[in-house]
Amino acid sequence: MSGEFSHLDADGRARMVDVTTKDVSVRIARVRIEVLLNQETMRLLVQKALPKGEVLGTARIAGILAAKRTADLIPLCHPLPLDFADITFEIDEPGCRVLIEAESRTSAKTGVEMEALVAAQIAAATIYDMCKAVQKDIVITNCRLVFKSGGKSGTFQAD
């Protein structure tokens, strides 16, 4: 059974993958996610007039902190020494969307996809939290890995 599933031992129990013999390499991961707002909430966000304060700065810090705590949240995730974590935003005002990109980098034996995924999702959840006083039906959607490099599997670039 352990030959089929990397996170199961021979008895079918969950386990952390042993990366002891893997080579250290520079690893980068980028994840994108979208937050869909209504026109009024978007207007307030752009004007920095939401009642809870400055939304994007708060979401950026939340995402970076989340990347650093990923191994505490995902049970079988390796704790990684992050060399870099950042969140960037693109405001699509006509489309009432906040496009978020989270990037994580490390020099390690395993990848940083989970750190970028958690960072993006927590940044999006923070935007939700900061905007929920004026809009309850905010949608968080389209979370996906768009780029990864490093390690044995090489580079992945989404379409």
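In the set (1) surrounded by 22 or more Cβ atoms within 10 Å (Cβ to Cβ); (2) more than 8 Å from the chain's Cα centre (by Cα); (3) closer than 20 Å to residue 29 by Cα, residue 126 fails one condition alone, (3). When the stretch 85-111 is filtered for residues that are of a type outside the set (Val, Ile, Thr) and in contact with a Gly (Cβ under 7 Å, 6 or more places away or on another chain), the ones remaining, listed by number, are 102, 111. Scanning the stretch 2-38 for residues that are surrounded by fewer than 11 Cβ atoms within 10 Å (Cβ to Cβ) and on the phi < 0 side of the Ramachandran plot gives 3, 4, 10, 11, 13, 14, 18, 20, 21, 23.
Counting only residues that are over 10 Å from the mean Cα position of the chain (by Cα), within 10 Å of residue 67 (Cα to Cα) and surrounded by fewer than 21 Cβ atoms within 10 Å (Cβ to Cβ), the stretch 78-104 holds 2 of them.
The set of residues from the stretch 108-159 being within 23 Å of residue 61 (Cα to Cα), β-branched (Val, Ile, Thr) and either in contact with a His (Cβ under 9 Å, 6 or more places away or on another chain) or assigned to a loop (DSSP other than H, G, I, E, B) (or both) comprises 112, 134, 138. Out of all the residues in the stretch 28-41, which are more than 15 Å from the chain's Cα centre (by Cα) and either assigned to a loop (DSSP other than H, G, I, E, B) or within 23 Å of residue 63 (Cβ to Cβ) (or both)? Within the stretch 28-41, 36, 37, 38, 41 meet the criteria. Name the residue, out of 155, 110, 126, that is among the β-branched types (Val, Ile, Thr) and at pLDDT below 95. Answer to the check: 110. A single member of 68, 48 is on the phi > 0 side of the Ramachandran plot and without any contact (Cβ under 8 Å) to a residue 60 or more places away in the chain, and it is 48. Checked against (1) modelled with pLDDT of 95 or more; (2) closer than 20 Å to residue 135 by Cα, residue 105 meets all criteria but (2).
It is to be established whether one or more residues within the stretch 12-32 are in contact with a Leu (Cβ under 9 Å, 6 or more places away or on another chain) and polar (S, T, N, Q). No, the stretch 12-32 has no match at all. Do we find a residue being in a loop (DSSP other than H, G, I, E, B) and out of contact with any Asp or Glu (no Cβ under 6 Å at 6 or more places or on another chain) anywhere in the stretch 56-68? So far as the stretch 56-68 goes, no, none of its residues is in a loop (DSSP other than H, G, I, E, B) and out of contact with any Asp or Glu (no Cβ under 6 Å at 6 or more places or on another chain).
Considering the conditions (1) in a strand (DSSP E or B); (2) of a type outside the set (Lys, Arg); (3) touching a helix residue (DSSP H, G or I) at 6+ places or on another chain (Cβ under 8 Å), residue 77 is excluded by exactly one of them, (1).
The set of residues in the stretch 42-64 being crowded, with 18+ Cβ neighbours inside 10 Å and either under 23 Å from the mean Cα position of the chain (by Cα) or under 30 Å from residue 154 (Cβ atoms) (or both) consists of 42, 45, 55, 56, 59, 60, 62, 63, 64.
The values are calculated or read from the model by the stated rules, or taken from the named source; none is laboratory data. Values in this document were obtained by computation on a predicted structure and should not be read as measured data. Virtual Cβ from ideal backbone geometry, glycine too; neighbours counted across all protein chains shown.
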